[in-house]
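The values are calculated or read from the model by the stated rules, or taken from the named source; none is laboratory data. The shown structure was predicted, so the numbers you read here are calculated from the model rather than taken from an experiment. Cβ atoms come from the backbone with ideal geometry, glycine included; neighbour counts cover every protein chain shown. For the accessible areas, the whole protein counts, side chains as well, though only heavy atoms, and no ligand, DNA or RNA atoms are used. Shrake-Rupley method; radii C 1.70, N 1.55, O 1.52, S 1.80 Å.
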4 protein chains.
Amino acid sequence: MSSTYGENIKLSIFGQSHGGAIGMTLDGIPAGLPVDMDALQKFLNRRSPGKNDWSTTRKEADVPEFLSGIVDGYTCGAPLAAVIYNKNTRSGDYDELKDIPRPGHADYTAQIKYGGFQDAAGGGHFSGRLTAPLCIAGGLCKQWLEQVGIRIGAHVHNIGAVIYDDGFDPCAPEITSVGAEFPVLNPMIAEKMQQEISRVRSNADSIGGEIECAITGIPAGIGEPMFGGVESKIAQIVYGIPAIKGLEFGEMRLNGSTNNDCYTIENGAVKTLTNHCGGILGGITNGMPVLFRVSVKPTPSICKPQQSVNLKTGEITTIQVKGRHDPCIVPRAVPVVEAAAAIAIYDLILGNTQTTRRK
Amino acid sequence: MSSTYGENIKLSIFGQSHGGAIGMTLDGIPAGLPVDMDALQKFLNRRSPGKNDWSTTRKEADVPEFLSGIVDGYTCGAPLAAVIYNKNTRSGDYDELKDIPRPGHADYTAQIKYGGFQDAAGGGHFSGRLTAPLCIAGGLCKQWLEQVGIRIGAHVHNIGAVIYDDGFDPCAPEITSVGAEFPVLNPMIAEKMQQEISRVRSNADSIGGEIECAITGIPAGIGEPMFGGVESKIAQIVYGIPAIKGLEFGEMRLNGSTNNDCYTIENGAVKTLTNHCGGILGGITNGMPVLFRVSVKPTPSICKPQQSVNLKTGEITTIQVKGRHDPCIVPRAVPVVEAAAAIAIYDLILGNTQTTRRK
Amino acid sequence: MSSTYGENIKLSIFGQSHGGAIGMTLDGIPAGLPVDMDALQKFLNRRSPGKNDWSTTRKEADVPEFLSGIVDGYTCGAPLAAVIYNKNTRSGDYDELKDIPRPGHADYTAQIKYGGFQDAAGGGHFSGRLTAPLCIAGGLCKQWLEQVGIRIGAHVHNIGAVIYDDGFDPCAPEITSVGAEFPVLNPMIAEKMQQEISRVRSNADSIGGEIECAITGIPAGIGEPMFGGVESKIAQIVYGIPAIKGLEFGEMRLNGSTNNDCYTIENGAVKTLTNHCGGILGGITNGMPVLFRVSVKPTPSICKPQQSVNLKTGEITTIQVKGRHDPCIVPRAVPVVEAAAAIAIYDLILGNTQTTRRK
Amino acid sequence: MSSTYGENIKLSIFGQSHGGAIGMTLDGIPAGLPVDMDALQKFLNRRSPGKNDWSTTRKEADVPEFLSGIVDGYTCGAPLAAVIYNKNTRSGDYDELKDIPRPGHADYTAQIKYGGFQDAAGGGHFSGRLTAPLCIAGGLCKQWLEQVGIRIGAHVHNIGAVIYDDGFDPCAPEITSVGAEFPVLNPMIAEKMQQEISRVRSNADSIGGEIECAITGIPAGIGEPMFGGVESKIAQIVYGIPAIKGLEFGEMRLNGSTNNDCYTIENGAVKTLTNHCGGILGGITNGMPVLFRVSVKPTPSICKPQQSVNLKTGEITTIQVKGRHDPCIVPRAVPVVEAAAAIAIYDLILGNTQTTRRK
């Protein structure tokens, strides 16, 4: 099942970059949950391009239209469906992308898988634009989790070699409220990162980086054993985001004696003195913040000429990607990672069974 | 769904470390596939402990008994079921593990999730022993993939800071035939790694590391978009292996110009000049080897006294884990990673739809 | 998972009767399948109301708009999404339906399940209108099945006590081409049935009946054992159609000696002399036509006053359903049953594994 | 997915009639549920053969052995696994069943699907013996449902033309406590049914019938819309029972005015005056008993010679089924139907979301 996710909810994402619309359906959501459309729009705006120097200047208005599932500001029990109509629909000849695949893009693999029937325009179903409906679903789940005290926040950990590690306390609540346009905790390092992006762009190149995400307020006992663990659930959806190539939970120490998180009691509650395990043991939350870090590859679309092949003629050739592209999608991917985490956690919480305690 | 995996096959793993048996059912396997029991046993032996200096000395005979699904050496279309009976079944009092959780283990999270009803003996369902049935399923899938020319191999990339990076060519076929007891490509580095493990053990400590896995011979076009991509599928199952905390695909370069894998034609076949993407673009294989690396945390069971809490009395206390334990599970985890990859790829291949090519 | 169906395809249906739109997403469809929009529209028109004496006179134009998944008349590998915008959107006060539930409708159960947050207008997500997106998905599957020689057809078996049993041969190919407005094989009986519906309507009452469906050209060997059998798959989706309360496969004889279908050879092909099993043994097709019959309950919306309760006040009261309603939905349900069968069979065929034959 | 069932639980059934063992795994069950092994054994005994005149005289001791999931009489959160070892394992030559299929059995369809690799002995995975593990899972679910006041009972409605309809009140609680060897509410009619079975047996023939099942004490609001409705869920599993060919819910009247169940208030609770809908509206329970009826086909194994074909030679031939077989499996199928219903309802209840009520 390709573009479908979830055990207790069923998220289905559809659309192609230049098709009529992109959107999502979200089945299995309980009735009576309030929907704050303003907050959702603000969340969606965080991944929108075209507003600054270090991003592309194309204009996309990601305003979702809900076709079903919400009545008078509350979920009504029926599946939610929302679409974003594309203004920039398919036109012209995109067959070149089928014949001469762009390095680092899914052009070639789509051609092999779909035999030439795929929608090549703008990357089709493989476009980063498909993260917009992911953010609709994730933005809603984030709202609903906040109502039960679970907050999800992510920030840019590094752009290439420019790293933010300025005494960051991963358990701190600040991280869950990072929502700025360029989400880095330290403004000075944020500036350095932006300079690095500008430098790379001026070289007709692109750059990758890492995003760190924290889930705070999550109770202990969430997650299922083995393939239903928190790591498995987050991993499955996070790797569904284009350009993500790495994922790690917590921060591992080399030796057991330094890696193990020892237990303590604080105000009557069990805690760990450190959080190297990223809040998860055996796939199940231990009540500490869930922490993970994803690697985002550099945007494959660069202006430099690159070697490719003409699949029709079988000749080696050179391709130069046209148009304007983000030299770095890391900042825009931050809310997408939050969205993915929110969906995974919401799905797990919904399926969580209340256990009676042994006497 | 906790201990169940797969879209086209359904793998279900059951058992507790000290229960009557551990085992697996595997549904959806086509009829007529040959089963080589000797090869399977050899594969299972690779994860067995107790045979050397750097592993635990407990004896477990992991000999699976097939209860169904195989007739006269071939799958018969009915679900496969196999069990490994435990010789070391539950006895004595394991309630201490419920009261005083071991740091780094799932004792505490199991206690919260299952309210004291969990089987605490030996880690119960969270024990590393549960990777044995995973290896039964994976060992079979590996055999069946080999018949269509797909080979899966993994090796130890590093034990702590002792790293193997001696001119390793990730595309080389050798990696898929690494099957030795201590699976490292260079014997001298293997020795250094074993010395490092011995050193750590003598300090009553443990150590982690990384495993690198390659899948060669896999055709282009395998995988589904978004959440059904090769990365998502491998990630979901790999994170179901206890102690895995990190996973990355390919080897990312900082800049797009160096990270993008340019296309070429070799003997009439499309290839890439490099393989930074780990054989996957847009979640779909491009015909190059699939490459990924997992991080294995240091064994949490160490002899050193550690701070914990008594959940009954609410007091801070000290725990010292008894028994003999692997100071490093990285080498034993190598076949488990291969097994997980084999299951994921087999599931994807089985669900792969033949596409007609556009004329 | 409520409104989602399928193992190899994932159909998700959304919308409420008076919401912004109703629609469906259909994931997992191979690329390169042609889509005949005219044929689809003709199929959808078969379930449309408002065109005759024995149906309601409301006007609904069920013209689907495809938002994704189709490029230049062929599926492109991305999920299909289609919507039908509602012209008759929610307005006015439907809270009476929440307070005083209509007998035979889902008003009361929706109120209990969704706690008053449900969209009560026109039955909301429980409306028969939701069968329109089911027919979009089913109409497409039907086209694709026809290309491999599998035809699906249904007809009215009886309206109340007016039965068509005029020497009907269930194996005949004619049944799969029944597409008329009032799909009964014998025109004289069709007329009697329409007279019966008119009679019932003049009594401010409604009437039910049965629909018989045949799937011809289906090869032997389709279906999975136990819960994945053809009967299970058809049953799950058919019972998702509102108003269906019964389902039986084939036509059972009381005794084994008369019920068993004996084998014969015809032109080198194995056949059965009779087809009491409805083309299915052990959940798997035997190459004979798949035959089943569904019972459709009489429309619950009738003009007669009926006893109900006021859920707010707790008082017994009387309700009289307003508006014009179909006195009999059996004829309109015929294409819906075909659509459901087409989706189930398409899903099974897609997941069918090619078996090598033992030598 | 063939032999796997469930959304919130995952039941997987394995085994062949004459294989090493038959059994089941059941994943997703909460920890802390008590297991009454005596009650389970009594339940399993109800489907056991060999104890009377109207059943086969083969001896099978269906004593399950639990390999995992239960500790000290309570579920421990790990998946449950149970097996029944076969005493009568495969031996001798069953290839005749592959060459000359028995009419009414799955021999032919298994041969086509599994290409000759299937386990033909005793029907293999298609044997009625596979209902024993279904009864293990169902017997447990039944126990757990009883603890929350939900009772499931079934009885024989008719054997051929001998019908029990002696003023039976479908809402009566008696039906849920029918547990006798020949489960018919009226002893005189039970005797007539047994005489009918004896008569048929003396003719070397077999006979079918219907089973009626009631689920009482089930609260309103259980079930999901469309394909996740109570009817769909029960239908999917019930059609997984070999020999079931029909299923209907409630008891339909021809006209809406007589079929609609009007509402009333009784002791402050909403009820319906009748229960024609079988306790389900829109796929969701309304608080009245859930009622359904299944048709069981006559045992295909009869001693009379029947026409078949030799698949190897392509010649028409005659087959005479050897051994002793139940002339009527309807009485033995009664607990199996209860088991199936229990699993379906338990799965739905586990996935049921608590809804806040609108103020």
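Tabulated data
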| quantity | calculated |
| --- | --- |
| For chain C, built as a Gaussian network whose Cα springs stay under 10 Å, the top-fluctuating residue of C:C262, C:C303, C:C141 | C:C262 |
| FRET efficiency, 1/(1 + (r/R0)^6) with R0 30 Å, evaluated for B:K42 and B:I163 via beta carbons | 0.60 |
| The stretch D:201-217-the stretch A:1-43 distance, computed between alpha-carbon centres (Å) | 47 Å |
| The protein assembly as shown, accessible surface, carbon-and-sulfur percent (1.4 angstrom probe) | 49 percent |
| Candidates C:D205, C:D119, C:D38, ranked by Gaussian network fluctuation over chain C, Cα under 10 Å, top entry | C:D38 |
| Set C:K87/C:K304; C:K271/D:K113; B:K10/D:K113 screened for pairs whose C-alpha atoms are more than 22 Å apart | C:K87/C:K304 |
| Spin-label pair C:N267/B:S198, simplified geometry with 7 Å Cα→Cβ offset, distance in nm | 7.8 nm |
| Inter-probe distance in nm under a simple model that places probes 7 Å from Cα toward Cβ, at C:Y85 and C:T317 | 3.6 nm |
| Relative contact order of the stretch A:91-151, defined on C-alpha pairs under 8 angstrom at six or more residues apart (%) | 22 percent |
| Per residue accessible area of the stretch B:222-327, 1.4 Å probe, in Å² | 33 Å² |
| Accessible-area order (highest first, 1.4 angstrom probe) of the listed residues A:R253, D:R293, B:R47 | A:R253, D:R293, B:R47 |
| Residue with peak Gaussian network fluctuation, chain D [Cα springs, cutoff 10 Å], from D:S295, D:S257, D:S198 | D:S257 |
| Chain B - mean residue ellipticity at 222 nm from DSSP helices (-39,500 (n - 2.57) per run, n ≥ 4, rounded to 500) | -7500 deg cm²/dmol |
| Solvent-accessible area buried by D and B, counting both chains, probe 1.4 angstrom, square angstrom | 3000 Å² |
| Exam field: B:E146 pseudo-label spacings to other copies (7 Å along Cα-Cβ), nanometres | 4.9, 5.1, 5.5 |
| Exposure rank, largest accessible area first [B:K42, D:K113, A:K359; 1.4 Å] | A:K359, B:K42, D:K113 |
| Contact order normalised by residue count of chain A, Cα under 8 Å, 6+ apart, percent | 21 percent |
| In Hz, Karplus ³J(HN,Hα) per residue of the stretch D:207-222 (6.51, -1.76, 1.60; θ = phi - 60°; x = Gly, Pro) | 8, x, x, 10, 10, 10, 10, 10, 10, 10, x, 7, x, 5, x, 8 |
| Order of exposure, largest accessible area first, which applies to D:K10, B:K322 with probe 1.4 Å | B:K322, D:K10 |
| Rounded, prolate or oblate (a/c below 1.5 giving rounded, otherwise prolate when a/b exceeds b/c) for the stretch A:106-152 by Cα gyration tensor | prolate |
| Label-to-label distance, nm, for residues given as B:E191 and C:V148 (7 Å Cα→Cβ offset) | 6.0 nm |
| In Å², nearest 10: area of C:L134 left accessible to a 1.4 Å probe | 0 Å² |
| Chain-alone versus full-assembly comparison, the stretch B:334-359, residues with accessible loss of at least 20 Å² (1.4 Å probe) | B:T353, B:T355, B:T356, B:R357, B:R358 |
